[in-house]
Each structure stands twice: as structure tokens, then as C-alpha cells.
1. Quick one: is Arg132 surrounded by fewer than 19 Cβ atoms within 10 Å (Cβ to Cβ) and assigned by TED's automatic domain parsing to the domain that holds His210?
2. It is to be established whether one or more residues within segment 43-62 are under 26 Å from the mean Cα position of the chain (by Cα) and at positive phi.
3. Restricting the search to segment 95-125, which residues are in contact (Cβ under 8 Å) with a residue 24 or more places away in the chain, of a type in the set (Lys, Arg) and either loosely packed, with under 15 Cβ neighbours inside 10 Å or under 22 Å from Gly164 (Cβ atoms) (or both)?
4. Could you list, in sequence order, the residues of segment 135-160 that are farther than 15 Å from Leu176 by Cα and either part of a helix (DSSP H, G or I) or not assigned by TED's automatic domain parsing to the domain that holds Met175 (or both)?
5. Go through Gly89, Gly114 for me and flag whichever is at pLDDT 80 or above and assigned by TED's automatic domain parsing to the domain that holds Ile162.
6. Scan segment 42-79 residue by residue and report those that are over 16 Å from Phe20 (Cα atoms), at pLDDT 90 or above and not charged (D, E, K, R).
Amino acid sequence: MTGDRIQRRKLSHEVHDRLFEQLKSGEWQPGDPLPSERELMARYGVGRPAIREAMQTLAHSGVIEIAHGDRARVRMPTAQSLIEQITGGAQHLLRMQPNTLDNLKEVRVFLETGMARIAAERASASDIERLRARHETHRQVLDDIDQFLACDMAFHREIAAISGNPIFPAIVEAMLGWAKEFYVTILRAPGKEPLTIIEHERIIETIANHDPAGAEQAMRDHLTRANTLYRTASVVS
């Protein structure tokens, strides 16, 4: 019965699990330095390679930070830092399985229409002022494709930030970053930039008027139009 066999584990896995349990217990707080490699080697009775491999795994998970010439430190987790951990894998997935992009666009429409609704419910006068400032900057870079794309991302991130929930802007930035290379084709299409500006104006006005249903619909219309353009551009190219 091979399923009953006890699997041998690498020493680095054991070290990783013990360090992680100590982090979970609060033995080290965010910003605290971890013991030196030599101290950990003595504590666990293992060699330097096992310690380093375990530390690298924790660093890749965003749990600790490793700086050359200094001790590793416990990292203060944020929504953005946690989402960043999967960025490389998400981009690789989109390149290897392009049909996944349709799934991502569907998720984006679902999330951003909800964020627009929340923004219309919660936006303060200063929030709307910042949103209008973002929009004006966007308008001024119509002929610079790189800046236009950056401003487009910043506009959507600003709407997400109005919610007051730090997870929303982190998710929006991540989704747009993952799909950035796929959307450049749309933004290079002649004459489409002014349409984006007009649609953003409509979104701003519904948010400024505290019209949740209108904001949701304006965002849905904007993203649906962009998705349709993407499909058309993909067929043409």
C-alpha cells in the first residue's frame, strides 16, 4: 500500500515550516530582524543550505525581506505586496493560454462595475477633485501612447481607491498590469483615445452626482466597449 508510506522531506521544508510557525505565533513582529543564519543553524541543527533555501521560500511568499549584508526582516504585509507575489505567474499564464484573457476581462467588468457603484456612494468632494485632476492629465497625453496607458490605469485605480478598501486598488492595478501588453493594441487604434476620454467623463459625472446605478452602468458600457474593440483588433491583426 504505497499510499501509507511516510514521505521523506527536505530539511529546508522542515526549517521553513518551523520558521513560519514562529512567525504566526508572533515571536517576530513586522520589521523585526530574524536570527542570523549561524544562529538558525545552531537552533535547528542543520546546515547553511537548508537555512538559505527556507529563507528564500519565505521571501518569495512575501513573508520576509532579504537584504544583502543584513539580516532578513519580517515584512509588513499589504494587499499590494501579497498580490504582487502572483504577478509573474499570472502574466505567464496569459501568455501561454491567451484564452485566459477573456476570463480576466470578465472578472474585471464584474469588479470594476461594483467599485464604480461604491465610489458613487462614498466619494467625497476631495475624491471627486482628485478624479477630475487624473482625468485632465489623461486628456493632455492623447498623443503619447505610453503615458495615455499609464493615465488610464491611474484613473481606474483612483476609482477603486475611493472605496477606502486597500484591496480594491491593489486588485485593479494587478489586473491591468497583467493584461497591459494585450491592451496596447486597442490604445494604438487611431481615434479611439478621445472616446475613452468621453467615457471616463461620463463615469466621473455619475460618481460626482452620487448615482450608484448610473456609475455602474457607465463603467460597464466603457469596459464592454473596450473588450469589443480588443476582440476586433485581435481579429484584424
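1. yes
2. yes
3. Arg108, Arg117, Arg122
4. Once the filter is applied, which keeps residues that are farther than 15 Å from Leu176 by Cα and either part of a helix (DSSP H, G or I) or not assigned by TED's automatic domain parsing to the domain that holds Met175 (or both), segment 135-160 yields His135, Glu136, Thr137, His138, Arg139, Ile145.
5. Numbers: Gly89 fails: at pLDDT 80 or above.
Step by step, each of Gly89, Gly114 is checked, and only Gly114 is at pLDDT 80 or above and assigned by TED's automatic domain parsing to the domain that holds Ile162.
6. Filtering segment 42-79 for residues over 16 Å from Phe20 (Cα atoms) gives 42, 45-49, 67-71, 78-79.
Narrowing the set further to residues that are at pLDDT 90 or above leaves 42, 45-49.
Those that are over 16 Å from Phe20 (Cα atoms), at pLDDT 90 or above and not charged (D, E, K, R): Ala42, Gly45, Val46, Gly47, Pro49.
The values are calculated or read from the model by the stated rules, or taken from the named source; none is laboratory data. Computed from a prediction, not measured in an experiment: that's the story for all the values here. Note that we place each Cβ from the backbone using ideal geometry, even for glycine, and neighbour counts take in every protein chain shown.
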